[in-house]
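Only one structure is covered here, and it is reproduced in the block below.
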Amino acid sequence: MTLIDGGAAIINISVELHGLLAGEKDRFRKLSCEEPLPVSELLKIMKIDPEEIGLVVVNRRVRDLTHVLQDGDRVLLAPYLQGG
């Protein structure tokens, strides 16, 4: 965790989007915030509908939307699998 002027902590999170979540945008993103946040809040910030999320992996472990993200976390978000 990095401290900035005034003592506020910066939380850095790496996000990798898969499938339809990435669309035609860059699938790798970096996010900085002032405090730890749950995955559900990350989705709000990224304007992703939680109903579209089929899999959340944080630091190579399957998690749910209530998991609180910490500095340095690597998040993988994937949609539900579709097929026929």
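Every number in this text was worked out from the coordinates using simple rules, so none of it is lab data. The model shown is predicted, which means the values in this text are computed figures rather than measured ones.
Of note:
- When the Gaussian network model of the chain links Cα atoms closer than 10 Å, the mean-square fluctuations of G54, G23, G72 top out at G23.
- Restricting the calculation to Cα atoms, the chain shows an Rg/Rh of 1.01 when the hydrodynamic-style radius is the Kirkwood one.
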